[in-house]
Every structure is written in C-alpha cells, then in structure tokens.
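Below is one structure, written out as structure tokens; the observations come after it.
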Amino acid sequence: MTPIRFLILSLLFLVVPVLAGAAEKKAPAAQGPKIDPKAVRVMSLTASTSDCIGDPKTPLCAVETVMACMLRRDMNLCRRAGVDEVALAPPLDPNDTYQMPYRVLRQRLYRKQDIPKDLRDVDWLKPGYVEVVISEPDPDTGSYAEGDKRTFMVKPVNGKWEVTTWAVWGAD
C-alpha cells in the first residue's frame, strides 16, 4: 500500500465516525427498540411496561407519554410530548387498579417519496415524521383483531419527539 493511500484510508477511518456522531446528535432516534407486534404492553395509573413515559426520546416514547397522559389525566405528560391542548376525562379514583393492555403494531418513518402528492401540503405529515400504530383489545372479547387501533403521527423537535396528531379507527 502506498503512503498516500494509507494516509487517505486512515483519514477516512477518523473522519467518518466523527461525522456520523455529529449527525446522531442532531436528530433524535427515529425508531427506538425493535417492535414485537405480538408483545402485550400494559399501562396503569401508577406503572407501565414502558420505561420512558415522560421522556419522549423515541417516537414510541412520545406516544406512550401521551397515552399515559390520557389514562392518568395528567396534562404535564401531554405537554412533554408536544400536546398542549386536549380534553381530559375527569380524574380516576387513585385506588383504581385498571390496567390498559395494548400492542405496538408498527412504526413507519416517512420519507419524501412515501408521502402522496395530495398530502404534501398538510402540516401533520412531513418527511422525517414517524407513524406509530397501537392496538387495544376489545373490552368484551379480549381480541386484538376486534379492538380499537390508534394511529399517532410523531415529529422530531429539538432532539426529542412530539405527537402531532392521532386518530382512533375500528371503534364502534
């Protein structure tokens, strides 16, 4: 190997990791941990299988923070995930032992080419946004196939993730 080629390769091994590290610091993690759509997660008034409620460091963490906000009727949690206004139901009895089971069906990072032309001007879907789909079981049968689905759109903001909008579908 010639000395110049050795120098160029050495510089590449030094510069590329530094540039990659700088890119990681600018953009928050888009996906987070791998999703298992069959895994049942649980949230209650005081606990959760999620370890990031209140810390929207990934799209799923932002979604679970908003879900906890609504379950626990805690507007401060919603604000942490970028939701400033939402009508919350009256507070639950603090001794309530209700547990909300759910599954994370998928996360999808949108690129420019993924967005249909007729949706390119909407404010809730832009390149870099992530769609997170949650499934809850039917309260009567316990079947996830018959239960509600929730789609959340999440965007990166200053090193964290914020929920821009959500919709419930499959509900009666």
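The values are calculated or read from the model by the stated rules, or taken from the named source; none is laboratory data. Please read all numbers here as calculations on a predicted model, not as lab measurements. All Cβ positions, glycine included, derive from the backbone under ideal geometry; neighbour counts span all protein chains shown.
Looking at 162, 131, can you tell me which residue is over 24 Å from residue 76 (Cβ atoms), at pLDDT 95 or above and outside any loop (DSSP other than H, G, I, E, B)? Unique residue meeting the criteria: 131. Scanning the range 134-146 for residues that are buried (at least 18 other Cβ atoms within 10 Å of the Cβ) and in a loop (DSSP other than H, G, I, E, B) yields 136, 137, 144. Cβ-Cβ contacts under 8 Å between residues 6 or more apart (or on different chains), taken from a first residue in the range 47-62 that is at positive phi to a second residue that is among the basic types (Lys, Arg) and part of a helix (DSSP H, G or I), are listed as 54/80. Any idea how many residues of the range 69-99 are surrounded by fewer than 19 Cβ atoms within 10 Å (Cβ to Cβ), more than 21 Å from residue 131 (Cβ to Cβ) and either of a type outside the set (D, E, K, R) or touching a Cys at 6+ places or on another chain (Cβ under 7 Å) (or both)? So the answer is 13. When 168, 83 are checked against the criterion of being aliphatic (A, V, I, L, M), within 15 Å of the chain's Cα centre (by Cα) and over 22 Å from residue 34 (Cα atoms), a single residue qualifies: 83. Here the range 83-98 is the region considered, the condition is being out of contact with any helix residue (DSSP H, G or I) (no Cβ under 8 Å at 6 or more places or on another chain) and free of Cβ contacts under 8 Å to residues at least 12 places away in the same chain, and the residue that is nearest to residue 136 (Cα to Cα) is 87.
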